[in-house]
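Nothing in this text is a laboratory measurement; each read-out follows from the coordinates by a stated rule. This is a predicted model, so every value here is computed, not measured. A quick note on method: Cβ atoms are made from the backbone with ideal geometry, for glycine too, and the neighbour counts reach across all protein chains shown.
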Amino acid sequence: MQRRHPFAVRTTPVQTSCPAAVRRRSFGRVDLIVALIAGPAAAGVASAQDPPASAPTALPATEAAPAATGATPAPAVPPSSAVFVRLQQITRLHNSQPNMLEGTGLVVGLNATGSGDVVSRQALQNYIRSHGLNVRESDVVTGAVALVTVTAELPAFSCEGMTIDATVSNLGDASSLFGGNLLQCELRAVDGTVYALASGPVIVGGFSAAGKTAKVTRNHTTVGHVAGGARVVQDLPSSFLSAAGDLELQLLHPNQSTVTNIATRVQEVVATLGCSARPNGISMLRITLPPQKQTEAFALEVLNRISDLPVPVHNPSTVVINEASGLVLAGEGVMISPCTIALEDLTISVAQEDEVVQPLPGFNQGQTAIVPRTQIDVTTTKNDFKPLRGGATVAELLENLKALELTPRQLVVVFQKLADNGYLQAELKVD
C-alpha cells in the first residue's frame, strides 16, 4: 500500500501600507505540501522513469564507501568535475594581513550641499587658523565644506611612495559630497603611527537634486572614493616567515578536503627544495623550511614555485537564500530527495479610500463630510502537484527547478521546507 506524508505550512501574515489617501493591507499565505513519492503511481504525477522512494540515490564513484572494512584507504583522488584553481587565488600569507588606517579631514568645494553643524564649522576654523588667518566661528560660511572620516587599507609589504585608495564618509549633516575635494589629512594605524597622507577629488557614485517641492536622489551621495588618493609615507614592517621560521598559508575558505589536496600538491613541489608541507587544521597550510635556509629570499623563492600551482578545491554542497531579495544560490553537488510539491497563494487586499459626501441642494441641515469606503479583494492561486528530483550537477538541478514554474520568492519557501523536512541533502544558509 502506497502512502504519502504531507507537510503543510502557513506563513505569518505580512502587512504593508500605501501612502496618501489610499491604504492597502495585504495578507499573504503560502501553503506548501511536500509528499514523498512512494512509487510510479504516487499522487498521479510520477512517471515510469521516476526512481522509487525506497531506492536510495546512487553516490558518485568518488564518494563510494571503501570496498572492505579495515582496508587501507587510497589517497584522495579529486573527482572529474572538481574545479582546479591557482594556489594564490585561494590562500594568502598568514602574517600579511592588511592594516586599516583612518583619519579625519575636510571636503571642500561643495555646491551648497555641505555641513552646517557646529563641529564642521570649528574644524574649518581650525584649518584656516593653521594657515595663519585668524577668523571667528561666526565668520565661517557653511554649505561648501563637509567634515568626513577617511579610511584606507594598507596592504602588507607596503613601502614609502606607494599609493592606495581611500574612502570618504560624511560625519556631519552634509547632503552630498559630489564635486568635492579632500584636503590633505593624516591616516593613522591603531598604534597612532602615521602611515599615509590622503587628498584629492572625491568620486561619488550617485547624485542628488532638489527643488522647493521635489527631490531626486540616486544611490548613496554621502560616501565617496578617492582613487589612489593616499600616499604611503612610512614603510610597513612585514615578513614572509612566521615567528618559528615557517611559511604559513591561510585558506580563504577553510575546508578539510581542500587543505588536504593543497598539502599533497605542494609537498610534491617543495620536497625537491628540502621543505615539507602539512596541514595545520582545516584553515592553514604550514611549509617547514630547512634551518639553514630560513631567509626572506628563500621564502620568496618557495612562494614563486607554488603560487601558480593548480590545486583541486572542494565544491560546497550549499544553498544560500535571501528572502528579502528572493535570491536562491545553489552550488554543484546539491541533491534533493524525490518528492512532490504543490503551492497555493492566498492574497487578501484591503483598500480604503476617503470619499467626500455633500448634502443635496436646497434647505436642509446636512453637512459636508468625509466618509471612508473599504473594498476587500481575495485572490487565490493554486498549482497542481509536480514532482521534484534533485540533480548531481547545477544544470540538472536547474532544469528540475524550472519544471516547477515557481517565482524566486516561492523557491525560497520551497528550499526552507525541503531543508526542515530532510529532503534537501545540503547545507542551507539564510541571509
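In the neighborhood of E137, defined by Cβ-to-Cβ distances under 15 Å, what is the net charge if each Lys or Arg adds +1 and each Asp or Glu adds -1?
Summing Lys and Arg as +1 and Asp and Glu as -1 gives +1.
Tell me, what is the percent relative contact order of the range 110-152, built from C-alpha pairs under 8 Å that lie six or more residues apart?
57
Averaging Cα coordinates gives a centre for the range 294-317 and one for the range 218-292; these two points are 8 Å apart. Each of D191, D308, D235 has some number of other Cβ atoms within 10 Å of its Cβ, and from fewest to most they run D191, D308, D235.
A full extension of the chain between T368 and E153 corresponds to an added length of 70.8 nm, given 0.36 nm per residue minus the alpha carbon distance. Between I203 and H225, V226, A227, the built amide H atoms are under 5 Å apart, and every one of these is 5 or more places off in sequence or on another chain.
Between A271 and N304, the simple label model (points 7 Å from Cα in the Cβ direction) yields a spacing of 2.4 nm.
Per the Cauchy relation, a quarter of the hull surface: what is the mean projected area of the convex hull of the alpha carbons in the range 80-139, in nm²? Let's see the in-between values first.
Details: hull surface 38.9 nm².
So the mean shadow area of the Cα hull is 9.7 nm².
One Cα centroid belongs to the range 98-113, the other to the range 169-196; the line between them spans 3 Å. Between the beta carbons of H131 and V194, assuming R0 = 25 Å, the FRET efficiency works out to 0.80 to the nearest 0.05. Relative contact order, whole percent, for the range 251-301 stands at 34, derived from Cα pairs under 8 Å and 6 or more residues apart.
Restricting to Cα pairs below 8 Å that are 6+ residues apart, what does the relative contact order work out to for the range 88-183? Please round to a whole percent.
Numbers: 170 pairs, mean separation 40.4, N = 96.
Rounded, it is 42 percent for the range 88-183.
Viscosity 1.002 mPa s, temperature 20 °C: what is the translational diffusion coefficient of the range 235-342 from Stokes-Einstein with a Kirkwood Rh over Cα pairs, rounded to a whole number of µm²/s? The estimated diffusion coefficient comes to 129 µm²/s. Entry for the range 297-344 at q = 0.16, 0.25 Å⁻¹: log10 I(q)/I(0) = -0.72, -1.02, Debye formula applied to identical alpha-carbon scatterers, no solvent contribution.
Can you tell me the alpha carbon radius of gyration of the range 124-251 divided by the globular rule-of-thumb value 2.2 N^0.38 Å? Walk me through the intermediate numbers first.
Working: Rg = 19.2 Å, N = 128, 2.2 N^0.38 = 13.9 Å.
With N residues counted in the range 124-251, Rg over 2.2 N^0.38 Å equals 1.38.
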